Amino acid sequence: MRSVIKGIGSYLPDRVMTNQEMSELVETSDSWIQERTGICERHIAAEGQYTSDLGYEAARVALEHAGLTSKDIDLIVVATSTPDLTFPATATIIQEKLGMHHGAAFDIQAVCSGFIYGMHVTNALIRAGGAKRAILIGAETFSRILDWTDRGTCVLFGDGAGAVVLEAVEGDEGGVLKTFVRSDGAHRDMLYVDGGPSRTQTVGHLRMLGNQVFKHAVTDIAQVIRDCAEQAEVEVSDIDWFVPHQANQRILNAVAKRLKLRPEQVISTVAHHANTSAASVPLAMDVAVKDGRIKKGDLVMLEAFGGGFTWGAALLRY
Ligand code: UT7
């Protein structure tokens, strides 16, 4: 049994916030943000629009793309670090929005690596016969946990959601070939949120030692791609497309250089989406599928790196 991607979708809130607008809030400039990150703009959720709303829209588009309805789904997994509420899981809220009263729904929390962790878990469940058709969603409203006075972090993130429909298919051809996830809690103080229900009874704000995270990200991402390819018995040079977590264009470039990838193989949406955490990989992949770059049968490597630290990769034949 394998899990195969039957549909993909994404959603971005209407409101676009430019670097120019950022420079009216904190001491920064369009040129600094573009030079150091590649980011030009980001989308911001409207007041009263929650992570579940973004995730629901992405799931709806993915279901439509798959030619399926929520009746066909028996599992919803949502990767998010910005849930609507501490509980219940945002996945159950999306389940209700989709009109589903059957199956199961739960959240996964691995910050920016959440979608890769989600694929690791969902793929394993499908392979074990625990689900027939699942929607895996990455959805975030990071704008709600930013310190809008900290120029070192607030310029980097945006809101959005992406989703895939995974289906159990018999046989050994195509679909998700390998997933590989890692974490190391020794680095948790380099990227974290300074609040939470148990410790502070507040939501808190994102804190990051950006340049240290940068160095770990480049090294660990390059290594996890090599490890994932090796476990799948595939050469990195055989991979058609790389869909990285969209944190910083300089990270994408540095990883591509280490792995000798051609720049045109690397899907980049960071200029227009900024870092949407767990939503960034499915959002970028949706763009490349819908504009015709990623085609059926292509070998695609997804990767991400985030707080914890957590990191991972997933290799699939689309
Ligand atoms: O999604 C999880 C993974 N997250 C990441 O991978 C993020 C990784 N980190 C980064 O992307 C980069 O480290 C940043 C974009 C956050 C920062 O870029 P950097 O080249 O590492 O800059 P830096 O932190 O070393 O700061 C250089 C200077 C500092 O000023 P001084 O001390 O040299 O005077 C900062 O205060 O740039 C200053 N700075 C800014 N200046 C204008 C920091 N943020 C800004 C800003 N505008 N927004």
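With the requirement that a residue be within 22 Å of TYR56 (Cβ to Cβ) and part of a strand (DSSP E or B), what does segment 6-24 give you?
Residues satisfying the conditions are LYS6, GLY7, ILE8, GLY9, SER10, TYR11, VAL16.
Would you point out which residue out of VAL181, VAL164 is in contact with a Phe, Trp or Tyr (Cβ under 7 Å, 6 or more places away or on another chain) and touching a residue at least 12 places away in the same chain (Cβ under 8 Å)?
Checking each option against the conditions leaves just VAL181.
Are there strands (runs of 3 or more DSSP E) fully within segment 128-207 with at least 1 residues that are touching a His at 6+ places or on another chain (Cβ under 6 Å), in the same structural domain as THR51 (by TED's automatic domain parsing) and within 16 Å of the ligand (Cβ to nearest atom)? List them. Spell out the reasoning first.
Details: elements: 133-141, 159-169, 175-183, 191-193.
Where strands (runs of 3 or more DSSP E) fall fully within segment 128-207 and carry at least 1 residues being touching a His at 6+ places or on another chain (Cβ under 6 Å), in the same structural domain as THR51 (by TED's automatic domain parsing) and within 16 Å of the ligand (Cβ to nearest atom), they are 159-169.
Considering every residue within segment 88-107, establish whether at least one is in a helix (DSSP H, G or I), among the small types (Gly, Ala, Ser) and within 26 Å of VAL224 (Cβ to Cβ).
Scanning segment 88-107, I find at least one residue that is in a helix (DSSP H, G or I), among the small types (Gly, Ala, Ser) and within 26 Å of VAL224 (Cβ to Cβ), so the answer is yes.
Among the residues of segment 13-34, write down those that are near the ligand (Cβ under 9 Å from one of its atoms) and without any contact (Cβ under 8 Å) to a residue 40 or more places away in the chain.
Correct list: SER23, SER29, TRP32.
Hey, among the residues in segment 82-112 that are without any contact (Cβ under 8 Å) to a residue 24 or more places away in the chain and closer than 30 Å to ASN248 by Cα, which one's farthest from the chain's Cα centre (by Cα)?
Once the filter is applied, the top-ranked residue is LEU85.
Every residue, every condition in (1) surrounded by fewer than 24 Cβ atoms within 10 Å (Cβ to Cβ); (2) part of a loop (DSSP other than H, G, I, E, B); (3) more than 11 Å from the ligand (Cβ to nearest atom), yes or no:
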residue	(1), (2), (3)
VAL213	yes, no, no
VAL218	yes, no, no
ASN253	yes, no, yes
ALA278	no, no, no
VAL287	yes, no, yes
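Please tell me if SER10 is touching a residue at least 60 places away in the same chain (Cβ under 8 Å) and under 16 Å from the mean Cα position of the chain (by Cα).
yes
Can you say whether ASP194 is within 29 Å of GLU24 (Cβ to Cβ) and either of a type in the set (Lys, Arg) or without any contact (Cβ under 8 Å) to a residue 40 or more places away in the chain (or both), as far as the supplied structure shows? So that I can check it myself, show each step before the final result.
Working: within 29 Å of GLU24 (Cβ to Cβ): yes; either of a type in the set (Lys, Arg) or without any contact (Cβ under 8 Å) to a residue 40 or more places away in the chain (or both): yes.
Criteria met by ASP194.
Looking at segment 65-83, can you tell me whether even one residue there is part of a helix (DSSP H, G or I), touching a Ser or Thr at 6+ places or on another chain (Cβ under 8 Å) and crowded, with 19+ Cβ neighbours inside 10 Å?
First pass over segment 65-83, keeping only residues part of a helix (DSSP H, G or I): 65-66, 70-72.
Subset that is touching a Ser or Thr at 6+ places or on another chain (Cβ under 8 Å): none.
No, because not a single residue in segment 65-83 is part of a helix (DSSP H, G or I), touching a Ser or Thr at 6+ places or on another chain (Cβ under 8 Å) and crowded, with 19+ Cβ neighbours inside 10 Å.
Just one of (1) over 28 Å from VAL121 (Cβ atoms); (2) touching a Ser or Thr at 6+ places or on another chain (Cβ under 7 Å); (3) away from the ligand (no atom under 16 Å from the Cβ) trips up ILE93, so point out which.
It fails just one condition, (1).
If you check GLY308, GLY297, which single one turns out to be part of a loop (DSSP other than H, G, I, E, B), over 13 Å from the mean Cα position of the chain (by Cα) and under 20 Å from PHE180 (Cα atoms)?
GLY308
The values are calculated or read from the model by the stated rules, or taken from the named source; none is laboratory data. Bear in mind that the values here come from a model prediction, so they are computed numbers and not experimental data. Note that we place each Cβ from the backbone using ideal geometry, even for glycine, and neighbour counts take in every protein chain shown.
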